[in-house]
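The values are calculated or read from the model by the stated rules, or taken from the named source; none is laboratory data. Because the structure is a prediction, the values reported are computed rather than measured. For neighbour counting, all protein chains shown are included, and Cβ atoms are generated from backbone atoms with ideal geometry for every residue, glycine included. Heads up: the accessible areas ignore ligands, DNA and RNA and are worked out on the full protein's heavy atoms, side chains in. Shrake-Rupley method; radii C 1.70, N 1.55, O 1.52, S 1.80 Å.
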Amino acid sequence: MATSRCWIAGLIVASVVLLCLSAPVVAQDAQHVYGAKTARPYTLDDYLYGRTFVYNMAEFRKTPNGPNTPGSAAYKSAIEPFKIAGNTYYVGVAGQGAYLITTAQGDILIEQPYDQDVGDKILQSIQKLGFKPTDIKIMTASEYHVDHMGATAYLKAKTGAQLVMMEGDAALVEKGEGIPAAKVDRVLRDRDQIKLGNVVITAYRIPGHTPGATTFLWQVTENNQNYNVAETCCWSNTPPSHNLISDPLYPTTLLRHNFDVLKSLPVDIPTPGSHSDHFNLQGKLAKMKANPKVNPWIAPQDYRGVIAYWEWAFEQEVLKQLKDGPPAPTPAPAAAPAGAGGASAPRPPASFPPFPDRP
Ligand SMILES: [Zn+2]
Ligand SMILES: [Zn+2]
């Protein structure tokens, strides 16, 4: 018992050192001045907060037939669309997010998960909010897998929107790698911007989960306050091999750089996520109901905690692989494989680390 406590204490000390070493985090980007108030070095408190947050979400994923339980029928069920803040709306289904950003010059849709059926639910949600699907001028997604882009080709045909994708994933979308192929009208490079009306979305390339995985950052105004909103992807794993030590495609330095980028973003409002439990859709919906006067989506601590936790988990896996050797390479999946719940049930990454004792 004493030995295991020592071991856990050692891990925590190691993680503190790692978190400290990987500062600084103050954003340099003048565009993001509004979120600058939340930009400060990451600390052990962020990690501890994130550990509880991620633990609770992982537990919630085990709820039988729950909205975030992989493979459950509830996962793809429609939910009431709602405003997150300013001109940004949730139009996804229970388990998988989709985000509408409206402007006077047309709208932007981020994420088009799964299939036509989910695509239709997204269109219905957009209409329920009083917007027109044909006003969607630009679509993009955080990565090309079917749970993010299975409905892209369908919705592109329905709306006539332009498809904008990060390099690395753009070619896979055009090839139809595990999804219906769709023409990419514009290929983004790291930190390119998507502009429409008064909205500017900056696209940060976070390669690893897929070659062109992307985190998006934009601003909204709510009650005369400006906030930075982020749709975040992907911090967790690195197909095909999950080799964090010597994979030439995804070297440790690159994956560490991803965390530095994510930590440099002064995020006020993390969207619930491409997978809606990343930032606790259900919990925040309950908060909204309990107290409509407080906007639960303004949650910079949730963003900081989740990123701090996953950086710690990543470094734990690096330490493990340094000790035990990297896992044997496996062939790259064409896309997320078919799961019990349909085209592809989301699943924890293969390198999902064991959770520390519940705090
Ligand atoms: Zn994926
Ligand atoms: Zn996914």
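Between Gln116 and Thr63, what length comes free when the chain is fully extended (0.36 nm per residue of separation minus the Cα-Cα distance, one decimal in nm)?
Working: separation 53, 0.36 × 53 = 19.08 nm, distance 2.65 nm.
Additional length available on full extension: 16.4 nm.
Set the Förster distance to 35 Å, then compute FRET efficiency between Ala328 and Thr221 from the Cβ-Cβ distance, nearest 0.05. Intermediate values should be presented prior to the final figure.
On the way: r = 51 Å, r/R0 = 1.45.
For Ala328 and Thr221, the calculated efficiency is 0.10.
Considering only protein heavy atoms and a probe of 1.4 Å, how much of the accessible area of region 182-224 is carbon and sulfur, as a whole percent?
Details: 730 of 1840 Å².
Its accessible area is 40 percent carbon and sulfur atoms.
Between Ala181 and Gln193, what length comes free when the chain is fully extended (0.36 nm per residue of separation minus the Cα-Cα distance, one decimal in nm)?
Stretched fully, the Ala181-Gln193 segment lengthens by 1.9 nm.
Indicate, rounded to the nearest 5 percent, the antiparallel portion of the DSSP beta bridges found entirely in region 26-324.
Numbers: 28 of 39 bridges.
Of all bridge pairs located within region 26-324, approximately 70 percent are antiparallel.
So for the pair Phe82, Ala286, with labels modelled 7 Å out along Cα→Cβ, what separation do we get in nm?
Simple spin-label model gives 1.3 nm for this pair.
For region 266-279, in order, what is each residue's ³J(HN,Hα) by Karplus, 6.51 cos²θ - 1.76 cosθ + 1.60 with θ = phi - 60°, in whole Hz (x at glycine and Pro)?
Result, ordered by residue: x, 8, 8, 10, x, 5, x, x, 5, 9, 5, 8, 4, 10 Hz.
Quote the FRET efficiency, to the nearest 0.05, computed for Ile245 versus Ala171 with a Förster distance R0 of 25 Å and r equal to the Cβ-Cβ distance.
Plugging the Cβ-Cβ distance into 1/(1 + (r/R0)^6) gives 0.35.
Determine ³J(HN,Hα), in whole Hz, for all residues of region 62-71 in sequence, where each value follows from phi through the Karplus function 6.51 cos²θ - 1.76 cosθ + 1.60 and θ = phi - 60°; x replaces Gly and Pro.
8, 4, x, 6, x, x, 10, 7, x, x
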